[in-house]
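Student: Dropping a structure here in structure tokens format, bear with me for questions.
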Amino acid sequence: MATATAAATATAKRPARVGPNIVLVDAVRTPFVMSGTVFKDLWAVDLQREALKALVARTQIPYKDVDHVICGTVIQECKTSNVAREAALEAGFPDKIPCHTVTLACISSNVAMTTGMGMLATGNAKAIIAGGVELLSDVPIRYNRKDYALANGYKPLAYLREFQYVAQDPKDQLLLSPAYVIPKILDRAGLTLNDISVFEIHEAFAGQVLANLNALDSDYFCKEHIGLPGKFGRIPIEKLNKWGGSLSIGHPFGATGVRLAAHAAGRLKEEKGQYALIAACAAGGHGVGMIVEAYGK
């Protein structure tokens with residue numbers, strides 16, 4: 001990721017914001033495969049290590065220029081509980097680079113990304129690698145402050161603009177976080193449903209996605225549970241998960257969040273849209289929403 005002043009990237013549709021612009025530079029992943037198959041003899045650290053090495057080779061960033069490595073995972077292995085540190089050292093990163101691992105169920109790698117965004121926004125880092133791994137797959141993603149990225153010859157894929165976390169009743173509303181977070185993140189960003197070109201919603205189950213779409217289009221749900229005056233609106237199905245979702249691609253718990261971000265950035269570029277919205281639920285009634293903006297818009 002990288003940063004620049006808001007004035008340098010003004011567009012016709014962008015709320016006023018303070019602080020640096022944060023960009024997604026590149027992303028790679030190992031294949032998402034069935035458990036007990038081709039990766040059955042590997043450890044999570046093996047997969048994360050190879051993905052980190054591939055990302056460095058692809059972007060050509062010097063190891064010493066990476067300020068921090070953050071990884072998300074759900075089920076930790078006791079011998080490599082801080083998988084970010086173990087994988088980075090095995091991948092050849094200097095031992096002076098701090099690394100840490102975070103967990104929040106299925107949105108663990110979203111937490112890795114947004115933690116990195118906070119470091120960049122506060123000036124504590126200029127280049128971050130965030131990843132996710134869950135025994136069978138991982139997806140590292142690299143982002144910087146925009147000024148750093150451009151000065152070092154990296155072409156960003158997209159801006160990472162906003163993020164919002166929510167939590168609700170884990171008994172009766174366990175997987176309804178997208179319905180709760182989408183109105184909040186759009187309000188935070190000063191955007192509407194019509195401003196979003198690309199929607200990437202994590203598919204815990206097929207019925208769960210449909211339930212969230214119906215909840216947002218329900219007067220009763222939006223009034224009683226979200227506190228809106230009426231229904232929020234219907235997400236156009238033709239804008240949703242066009243490259244496939246967690247059901248077709250796979251859902252390695254700790255890696256899905258960065259896969260969603262990579263898909264959002266890639267779709268914006270291919271479809272020539274401006275804004276993408278990511279929403280995902282997680283165990284315990286948690287959820288996250290993120291706004292991604294096409295680079296150069």
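Student: For region 247-297: of the residues being aromatic (F, W, Y) and over 21 Å from D187 (Cα atoms), which is surrounded by the fewest Cβ atoms within 10 Å (Cβ to Cβ)?
Tutor: Within region 247-297, the match that is surrounded by the fewest Cβ atoms within 10 Å (Cβ to Cβ) is Y295.
Student: Answer with yes or no whether I75 is in contact with a His (Cβ under 8 Å, 6 or more places away or on another chain) and among the hydrophobic types (A, V, I, L, M, F, W, C).
Tutor: Judged against the criteria, I75 is not a match.
Student: Identify, by number, the condition in (1) within 20 Å of H251 (Cβ to Cβ); (2) of a type outside the set (F, W, Y); (3) at pLDDT below 95; (4) not in a loop (DSSP other than H, G, I, E, B) that Q76 doesn't meet.
Tutor: If we test Q76 against (1) within 20 Å of H251 (Cβ to Cβ); (2) of a type outside the set (F, W, Y); (3) at pLDDT below 95; (4) not in a loop (DSSP other than H, G, I, E, B), just (4) comes out false.
Student: Any residue in region 34-55 that's more than 17 Å from T80 (Cβ to Cβ): show its pairings with residues that are of a type in the set (D, E) at Cβ separation under 7 Å, as long as the two are six or more apart or on different chains.
Tutor: Final answer for the pair search is L55/D26.
Student: Does any residue of region 187-198 turn out to be assigned to a helix (DSSP H, G or I), among the polar types (S, T, N, Q) and buried (at least 19 other Cβ atoms within 10 Å of the Cβ)?
Tutor: No, every residue in region 187-198 fails to be assigned to a helix (DSSP H, G or I), among the polar types (S, T, N, Q) and buried (at least 19 other Cβ atoms within 10 Å of the Cβ).
Student: Quick one: what pairs do we get from region 73-90, first residue over 14 Å from G132 (Cβ atoms) and not assigned by TED's automatic domain parsing to the domain that holds L42, second aliphatic (A, V, I, L, M) and surrounded by 20 or more Cβ atoms within 10 Å (Cβ to Cβ), C-beta under 8 Å, 6+ apart or different chains?
Tutor: none
Student: Can I ask one more? Out of the residues in region 236-250 that are more than 15 Å from A280 (Cα to Cα) and touching a Phe, Trp or Tyr at 6+ places or on another chain (Cβ under 6 Å), state the one that is modelled with the highest pLDDT.
Tutor: Across region 236-250, the extreme among qualifying residues is K239.
Student: On to the next question. Kindly indicate the residue of region 103-147 that is assigned to a helix (DSSP H, G or I) and β-branched (V, I, T) and also nearest to F205 (Cα to Cα) among those meeting that condition.
Tutor: The extreme case among them is V111.
The values are calculated or read from the model by the stated rules, or taken from the named source; none is laboratory data. What you see is a predicted model; the values in this text were computed from it and never measured. So basically every Cβ, Gly included, is an ideal-geometry build from the backbone, and we count neighbours across all protein chains shown.
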